[in-house]
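Enquirer: I have a structure here, written as structure tokens, and I will follow up with some questions on it.
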Amino acid sequence: MSYISLYRKWRSQTFDEIVGQPAIVQTLKNAIAANRLAHAYLFSGPRGTGKTSTARILAKALNCEKGPTATPCDKCQNCKKIRDGHSVNVIEIDAASNRGINEIRELRERIRYAPVEGRYKVYIIDEVHMLTSEAFNALLKTLEEPPSYTIFVLATTELQKVPATIISRCQRLDFGRIKLAEIENHLKQMAKAEGFEIDEKAVNLVARNAEGCMRDAISLLDQLVSFSGHKISYDNVVILLGTADEELLFAFGQAIASNDIPKILELIRTGLAEGRSTPQVTRDLVAHFRNLLHLKVGSEEVLELTKDYLERLRRQAQSFSLLQIKNVIAALSRAELDMRWHPHARIVLEIALLELLDGEAAVEITKIETPTVKVVQSVTEKKLPPMPKVETAPESDLLTKIKVSWDKILEKVKKQTIFGYVSLHEGTPQEINVQGKLVITFARGYSFHKERLEEIKNKQVVEQALQEAVGEKILIDCVISDGKKEATVSAAAVADFFEGKVL
Ligand SMILES: [Zn+2]
């Protein structure tokens with residue numbers, strides 16, 4: 001047996017199965033019962049909220065052998081044909097691909113013939129706002145003098161693009177976004193009937209992600225089943241969506257609240273190592289701080305989150321002032337925009353967060369003139385064959401001393417230059433080479449950090465810090481490593497590389 005997608009299988013077949021549009025269902029049921037149907041309806045509302053399904057059910061209600069009835073049987077020939085899309089009485093036109101005058105003229109020709117089977121011909125014109133103005137005019141004439149056996153259902157996601165002359169000839173029904181709890185309940189019902197196990201948090205995340213669109217929620221559930229089988233966990237959803245999970249977001253919040261720069265850098269690294277993209281993590285962070293903002297101003301009811309989640313947000317919101325939250329949102333939103341043209345998204349995110357936390361960074365950033373030029377260089381560099389390995393000397397006492405004091409050195413650098421610190425943080429003290437220089441290696445994909453550390457000012461700060469830590473003057477030499485460290489961070493490096501290509 002071939003696989004039927006959950007969306008097709010679970011498409012509403014009766015008015016009572018339509019989720020989240022009670023007022024519309026009631027209006028249509030009443031009209032059918034009282035035989036007071038309009039000749040044309042305009043269904044407006046976001047995608048995936050049930051417009052086309054409702055139109056088909058209306059067609060069934062009118063043509064059911066037991067009808068017209070508000071409760072079509074879904075078993076007779078007429079109902080079945082409509083359900084399977086074979087009825088000659090239900091004509092669906094996708095205006096997105098049939099925009100022109102000819103299609104509407106053809107429709108006007110066909111409309112003159114009375115239905116062969118059933119009572120009504122139902123014309124469903126989807127995305128009606130896409131019609132050309134000529135086509136709209138032709139449609140308008142049809143709407144002015146429709147045969148008694150026709151019902152028009154015009155559906156649109158963009159009401160403002162439908163001419164007022166058309167709107168005024170239709171009864172308008174506005175489909176709202178479906179509430180979170182309704183999507184959740186529907187998903188749970190489906191899972192139960194289909195024999196899937198899905199935990200509460202996973203259902204919540206799927207439903208939230210759908211943003212009021214049932215179709216998206218169901219197709220995501222479908223993907224989850226293919227991805228993780230019949231047992232679906234919260235982690236499966238996080239992985240499939242590539243979104244930042246709850247723990248990561250709260251950890252970021254905590255690190256930002258306590259000005260913990262190393263922690264933030266670590267979180268960015270681990271967050272990306274798990275295969276998420278920088279723009280996605282940034283968007284998730286913006287959403288997280290938006291949640292905190294709502295908690296702060298007391299409008300959390302709009303968030304539609306679980307009680308536990310709200311409680312957790314409430315606690316975190318206490319660590320911030322309203323102004324701080326606004327600043328974080330502003331900085332991250334800016335970063336999200338900047339990433340669109342910047343080939344190295346990760347550094348944009350790092351800078352945005354560091355700039356936010358450290359006043360000094362704000363001064364520093366003005367000194368970096370043309371980051372794009374450097375990025376071009378670093379991308380070119382990635383295409384070159386690996387750098388030859390630097391001559392290795394046996395590990396010296398000096399190197400051991402440096403390694404032991406590495407954290408102290410990082411701290412000293414941090415006080416002088418935040419960018420020097422960020423760059424050095426990604427490097428590893430590798431060896432003392434034959435010229436007596438300290439070789440600091442960077443994994444492939446971190447050439448941006450390497451280049452930044454090579455900037456004269458940053459280099460001097462590091463060399464100064466080294467001198468203070470070990471008591472002698474040591475110069476540094478930055479290289480991209482050709483193996484060892486790469487293996488441990490390759491996921492992040494690869495992600496960075498592709499991000500550089502895509503963005
Ligand atoms: Zn029927």
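The values are calculated or read from the model by the stated rules, or taken from the named source; none is laboratory data. Just so it is clear, the model here is predicted, and its values are computed rather than measured. Cβ sites come from the backbone with ideal geometry, for glycine too, and all protein chains shown count toward neighbours.
Condition check ((1) within 18 Å of Glu103 (Cα to Cα); (2) modelled with pLDDT of 95 or more; (3) assigned by TED's automatic domain parsing to the domain that holds Leu224) across all residues:
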position	(1), (2), (3)
Phe136	yes, no, no
Leu143	yes, no, no
Glu158	no, no, no
Arg169	no, no, no
Asn204	no, no, yes
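Enquirer: Also, quick follow-up: Exactly one of these conditions fails for Asp74: (1) closer than 14 Å to Val153 by Cα; (2) within 16 Å of the ligand (Cβ to nearest atom); (3) out of contact with any Phe, Trp or Tyr (no Cβ under 9 Å at 6 or more places or on another chain). Give me its number.
Expert: Evaluating Asp74 over (1) closer than 14 Å to Val153 by Cα; (2) within 16 Å of the ligand (Cβ to nearest atom); (3) out of contact with any Phe, Trp or Tyr (no Cβ under 9 Å at 6 or more places or on another chain) leaves (1) as the failure.
Enquirer: On to the next question. For the structure I just gave you, tell me whether Val25 is at pLDDT below 95, away from the ligand (no atom under 13 Å from the Cβ), crowded, with 17+ Cβ neighbours inside 10 Å and closer than 24 Å to Cys213 by Cα. Let's see the steps before the verdict.
Expert: Numbers: at pLDDT below 95: no; away from the ligand (no atom under 13 Å from the Cβ): yes; crowded, with 17+ Cβ neighbours inside 10 Å: yes; closer than 24 Å to Cys213 by Cα: yes.
For Val25, the condition - at pLDDT below 95, away from the ligand (no atom under 13 Å from the Cβ), crowded, with 17+ Cβ neighbours inside 10 Å and closer than 24 Å to Cys213 by Cα - is not met.
Enquirer: Run down Arg283, Arg215, Arg312 and say which single residue is outside the structural domain of Glu194 (by TED's automatic domain parsing) and touching a residue at least 60 places away in the same chain (Cβ under 8 Å).
Expert: Criteria check complete, one pass: Arg312.
Enquirer: Look through the stretch 251-280, keep the residues that are of a type in the set (Val, Ile, Thr) and in contact (Cβ under 8 Å) with a residue 40 or more places away in the chain, and return whichever of them is nearest to Ala331 (Cα to Cα).
Expert: Per the stated criteria, the residue is Ile256.
Enquirer: Another question about this same structure. Only one of these is touching a residue at least 60 places away in the same chain (Cβ under 8 Å), within 16 Å of the ligand (Cβ to nearest atom) and within 18 Å of Phe15 (Cα to Cα): Val122, Val90. Name it.
Expert: Criteria check complete, one pass: Val122.
Enquirer: When Arg56 is evaluated against the numbered criteria (1) more than 10 Å from the ligand (Cβ to nearest atom); (2) surrounded by 17 or more Cβ atoms within 10 Å (Cβ to Cβ); (3) without any contact (Cβ under 8 Å) to a residue 24 or more places away in the chain, which criterion, by number, is the only one it fails?
Expert: Arg56 satisfies all of (1) more than 10 Å from the ligand (Cβ to nearest atom); (2) surrounded by 17 or more Cβ atoms within 10 Å (Cβ to Cβ); (3) without any contact (Cβ under 8 Å) to a residue 24 or more places away in the chain except (3).
Enquirer: Okay, moving on. Could you identify the single residue in Gly445, Gly436 that is at pLDDT below 75, assigned by TED's automatic domain parsing to the domain that holds Ile409 and part of a loop (DSSP other than H, G, I, E, B)?
Expert: Among Gly445, Gly436, only Gly445 is at pLDDT below 75, assigned by TED's automatic domain parsing to the domain that holds Ile409 and part of a loop (DSSP other than H, G, I, E, B).
Enquirer: Separate question: Looking at (1) assigned to a helix (DSSP H, G or I); (2) in contact (Cβ under 8 Å) with a residue 12 or more places away in the chain, which is the one condition that is false for Glu109?
Expert: Only one criterion is unmet by Glu109, namely (2).
Enquirer: Condition first: surrounded by 15 or more Cβ atoms within 10 Å (Cβ to Cβ), more than 23 Å from the chain's Cα centre (by Cα) and not in a helix (DSSP H, G or I). Can you find one or more residues in the stretch 305-319 that meet it?
Expert: No, that holds for no residue.
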